[in-house]
Amino acid sequence: MADFVTPAGGDPAPIASTPGVQETRRPGIGETFENLLNETASNLSEADQLSRESAAGGPVDLHDVMIAMEKADISLRLLVQVRNKALDAYQEIMRMQV
Amino acid sequence: MDILGVMNIGSSALRAQTIRLNTISSNLANIETTRTPEGGPYRKKSAVFTTASTSFEAHLEQGRPQTAQGVNVQYIRTDNGPGKMVYDPSHPDSDENGYVEKPNINLAEEMTDMMRARGSYEANVTAIKSAQRMAMKALEIGR
């Protein structure tokens, strides 16, 4: 799942690292997407748990349930948009004539 | 995400206003109560609000003091002012002169406080709604 967009030819070789310059590894698109996915999943499960508790008559504030569901909704929509963009970019590159 | 921060602040305000409404309904329910476990009539209670202190992690993440803060109920204050003295010699809690001390609650005051609590709750719901609408609008950019 995480590696659905891997850089062509694996990880790019570090370009002759100049001494004294700190090398920082930037996370790939796959890793970023995975983080977003995990965050969305945790928001969804929080909303799920709160609505379950509220339905069972637990001591949950009604607004907390609604806000948790709203947060889950927004992060899911964001995830879908990011996925669409990534897929569009991938297909655009695949269509490229060499 | 900052939009979710708006929701957290709004959520704290909604909780605070719920607690406030709780104390108001307790006052209204006990407007005639003359016996309490502590002795004497019921005393008016009200919620005292304080800004929610931001977590240490939030400070570290932002690298600057956060200006937007939520609200918390610090404690429930008990008003120890004197109650209304009502002449009712037949009442079991009347003193030697036939007066009964009723709780120090003013019905009109409680009703206005209740309206303010409701208004504040609605205002915070509106803030949360507009944060949600802004997030949805931002997502429309991608379409």
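The values are calculated or read from the model by the stated rules, or taken from the named source; none is laboratory data. Note that the structure is a prediction, hence the values are computed from the model and not measured. For neighbour counting, all protein chains shown are included, and Cβ atoms are generated from backbone atoms with ideal geometry for every residue, glycine included.
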Next on the checklist: For region B:106-117, give me the residue count where each residue is surrounded by 14 or more Cβ atoms within 10 Å (Cβ to Cβ) and assigned to a helix (DSSP H, G or I).
Outcome noted: 4
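Are any residues in region B:1-36 assigned to a loop (DSSP other than H, G, I, E, B) and within 14 Å of chain A (Cβ to nearest Cβ), and if so, which ones? It would help to see each step written out before you state the result.
Kept after step one, since they are assigned to a loop (DSSP other than H, G, I, E, B), are these residues of region B:1-36: B:1, B:30-36.
If the condition is that a residue be assigned to a loop (DSSP other than H, G, I, E, B) and within 14 Å of chain A (Cβ to nearest Cβ), then B:1 is the only one that fits.
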Checklist entry - Is it fair to say residue B:122 is charged (D, E, K, R), without any contact (Cβ under 8 Å) to a residue 40 or more places away in the chain and part of a helix (DSSP H, G or I)? => result yes
Item to check | Odd one out for residue B:128, checked against (1) within 14 Å of chain A (Cβ to nearest Cβ); (2) surrounded by fewer than 16 Cβ atoms within 10 Å (Cβ to Cβ) | outcome: (2)
Checklist entry - Taking the stated definitions as given, is residue A:85 in a helix (DSSP H, G or I) and either more than 15 Å from residue A:32 (Cβ to Cβ) or more than 7 Å from chain B (Cβ to nearest Cβ) (or both)? => result no
Checklist entry - Among the numbered criteria (1) surrounded by 14 or more Cβ atoms within 10 Å (Cβ to Cβ); (2) under 21 Å from the mean Cα position of the chain (by Cα), which single criterion is violated by residue B:101? => result (2)
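Quick grid of which residues meet (1) more than 24 Å from residue A:77 (Cα to Cα); (2) among the charged types (D, E, K, R); (3) out of contact with any Cys (no Cβ under 7 Å at 6 or more places or on another chain):
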| site | (1), (2), (3) |
| --- | --- |
| B:113 | yes, yes, yes |
| B:136 | no, no, yes |
| B:139 | no, no, yes |
| B:143 | no, yes, yes |
Checklist entry - Can you find a residue in region A:43-60 that is out of contact with any Asp or Glu (no Cβ under 9 Å at 6 or more places or on another chain), assigned to a helix (DSSP H, G or I), basic (Lys, Arg) and modelled with pLDDT of 80 or more? => result yes
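For region A:56-75, which residues satisfy the criterion of being more than 10 Å from chain B (Cβ to nearest Cβ) and either closer than 19 Å to residue A:29 by Cβ or without any contact (Cβ under 8 Å) to a residue 24 or more places away in the chain (or both)?
Let us first name the residues in region A:56-75 that are more than 10 Å from chain B (Cβ to nearest Cβ), namely A:56-60, A:65, A:69, A:72.
Correct list: A:56, A:57, A:58, A:59, A:60, A:65, A:69.
If you scan region A:56-98, which residues turn out to be over 27 Å from residue B:127 (Cβ atoms) and of a type in the set (A, V, I, L, M)?
In the first step, residues of region A:56-98 are kept if they are over 27 Å from residue B:127 (Cβ atoms); the result is A:56-57, A:83-98.
Of everything in region A:56-98, those that are over 27 Å from residue B:127 (Cβ atoms) and of a type in the set (A, V, I, L, M) turn out to be A:56, A:86, A:87, A:89, A:93, A:94, A:96, A:98.
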